[in-house]
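For reference, the structure discussed in these notes is given below.
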Amino acid sequence: MDFSSLDTRIDNTIYKNLRIGFIWASKVSLITLLLITIIIWIDFIHTENSSLLLTTISFGIQGLLFTAGWFFFAHKKTLQHYKIISSCYAFLFGITWGSAIINLNNLGHAYVIVEIVGNLLFLVVLLSFYAYRVAVYLAILPILIFTTWYSIEDPRFDLLFAFTKLAITIIIIESGRQLLFKWFTTRIAQEHENKRLLKQLAQLSFTDQLTQINNRRFFDFSINKHIITAKHHHAPLSIILIDIDYFKLFNDYQGHVKGDICLKTVATTIRKSLLRHNDTVSRYGGEEFVVLLPNTDINGACKVANRIQNNLATLAIPHPCSDINQYVTISQGIASWQANQWPNQLINVADTNLYKAKELGRNQYCATPQ
């Protein structure tokens, strides 16, 4: 498993959060526009007010813009230039609602509605756009300017009240935004750390502590997965079971420390002999190793076995107790998966071929002909 860096994860999550926020803000805006339209028609239908129809048309255009934004972010999956797109939509959101506030004020005696709508919008913007500070202020600024202006124009309030209200509003918005963003990034960091620890634990559970290659558990997991893939795609799959010749004698004569070094060297040689990233080697037990070769037939597996044998011979690890060679050698049993064959059956075939290789004099590989 490969996990992205924390910064990349935060960046990706910010975009996902903004998409959800923009969709939610668009839905809330559409509902709010509908309610305001109903209210002002009920309130002004019996009065001669030329601005009523124009305001309704303006609200209709605004509703279409919010609907377009809703569908755009519902279907747009790309991360490309998301900050520019988010900034543009946030500014359009703020300008559109700013014009709606002007229209409401032009109807006359609508300060209460303007105040209610302004407070609602501050809340919507804060909850929807908090992950990106630029989007928050691009959306809030037009609304804040117009609501403050109408506070100044209202004869009930003086200039000090209007600017005090402006300052308090900005403080509340920024404090709320920082609190939400802190919670947001903390949650992502915790999730990232948990996944990192899970990855580390998975690696530890699948790694042989001595040789630092895959262990038996990894092989058991992988062979089941690759057999399912081979069955589904009708692809070949081969394994090589490898045993170090006369390793017990080597261990008894040279000692366990040198025996461990020998195991590590052989494991590293096998791993370096595998040229494809999906070919794996695992320590099967004691001095035995198993190589798993997806998309490889018996002929390809024989080539890999020959490469492993040649690479080990090049190292020329001294083996004073071997009956067949002065250097460490290996015997290999090769098997290729057959249709409807279970993992243990495939391993048994490779094991049988390994014993044949030993009976034939060791330091060689034996494969089942196809």
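Odds and ends about this structure:
- Dipole axis of the chain (+1 Lys, Arg; -1 Asp, Glu on Cβ), positive-most option in Y15, F184, L354: L354
- Measuring between alpha carbons in the structure, the pairs from K199/K356; K231/K303; K225/K272; K225/K248 lying more than 29 angstrom apart are K199/K356; K225/K248.
- Between amide H atoms placed 1.01 Å from N, distances below 5 Å from H319 occur with Y327, V328, all of them 5 or more places distant or on a separate chain.
- For the chain, size of Cβ-based charge dipole, Lys and Arg +1, Asp and Glu -1, in debye: 660 debye
- Gyration tensor (alpha-carbon) shape descriptor, segment 194-346, a/c threshold 1.5: oblate
- Computed from backbone phi with θ = phi - 60° and the Karplus coefficients 6.51, -1.76 and 1.60, the 3J(HN,Hα) list for segment 284-297 is 8, x, x, 9, 9, 10, 9, 9, 10, 10, x, 6, 9, 8 Hz; x is used for glycine and proline.
- On a per residue basis, segment 263-359 carries 47 Å² of accessible surface, using protein heavy atoms and a 1.4 Å probe.
- Derived scalar couplings ³J(HN,Hα) [segment 335-346; Karplus, 6.51 cos²θ - 1.76 cosθ + 1.60; whole Hz; x for Gly, Pro]: 9, 10, 5, 10, 4, 6, 8, 7, x, 5, 5, 5
- Nearest 10 degrees, 0 to 90: helix 6-44 Cα axis against the chain principal axis: 30 degrees
- Sequentially through segment 355-361, phi angles give Karplus couplings (6.51, -1.76, 1.60; θ = phi - 60°) of 5, 5, 4, 5, 5, 7, x Hz, Gly and Pro residues having no value and appearing as x.
- Length-normalised contact order of segment 257-324 in % [C-alpha pairs under 8 Å, at least 6 apart]: 28 percent
- Average Cα contact separation per residue, the chain, under 8 Å, 6 or more apart, as relative contact order %: 13 percent
- Under-5 Å amide H pairs with T296, H placed in peptide plane, nonlocal only: L237, S238
- For the pair W342 and D252, a Förster radius of 41 Å applied to the C-beta separation gives a FRET efficiency near 0.65, rounded to the nearest 0.05.
- Packing-based order for 278-285, 336-343, 116-123, using average beta carbon neighbours within 10 Å, highest first: 278-285, 116-123, 336-343
- Accessible heavy-atom area order of V304, V257, highest first, probe of 1.4 Å: V257, V304
- If only the Cβ of Lys and Arg carry +1 and only the Cβ of Asp and Glu carry -1, the dipole of segment 235-303 around its Cα centre is close to 280 debye.
- Efficiency of FRET between R216 and E191 - r from beta-carbon atoms, R0 45 angstrom, step 0.05: 0.90
- 22 Å Cα-Cα reach of K16 towards lysines, excluding residues that sit fewer than 8 places from it in its own chain: K27, K76, K77, K83, K182, K195
- For T8, the solvent-accessible surface with a 1.4 Å probe is about 60 Å², rounded to the nearest 10.
- Against the chain, whose longest principal axis is taken from its Cα atoms, helix 216-233 shows a tilt of about 80°.
- Were the residues from D323 through E115 laid out at 0.36 nm apart, the gain over their Cα-Cα distance would be 65.3 nm.
- Lys/Arg +1, Asp/Glu -1 at C-beta; the chain dipole; positive extreme among L123, F72, N224: N224
- The apolar share of the surface of the chain, taken as the fraction of accessible area on carbon and sulfur atoms (1.4 Å probe, ligands and nucleic acids excluded), comes to 63 percent.
- Cα long-axis angle, helix 111-129 against the chain (0 to 90 degrees, to the nearest 10): 10 degrees
- Look at the alpha carbon pairs under 8 Å that are at least 6 residues apart: their mean separation over the length of segment 145-222 gives a relative contact order of 13 percent.
- The length gained by stretching the chain between A202 and A235 to full extension, at 0.36 nm per residue less their Cα-Cα distance, is 9.1 nm.
- [x] 23.2; [y] 26.7; [z] 20.4, with the label sought being that of the calculated Kirkwood radius over Cα pairs in Å: [y]
The values are calculated or read from the model by the stated rules, or taken from the named source; none is laboratory data. What you see is a predicted model, and the numbers here were worked out from it, not measured in a lab. Using ideal geometry, Cβ is built from the backbone for each residue, glycine included, and neighbour counts are taken over all protein chains shown. Side chains are part of the model used for accessible areas, which takes the heavy atoms of the whole protein and leaves out ligands, DNA and RNA. Shrake-Rupley method; radii C 1.70, N 1.55, O 1.52, S 1.80 Å.
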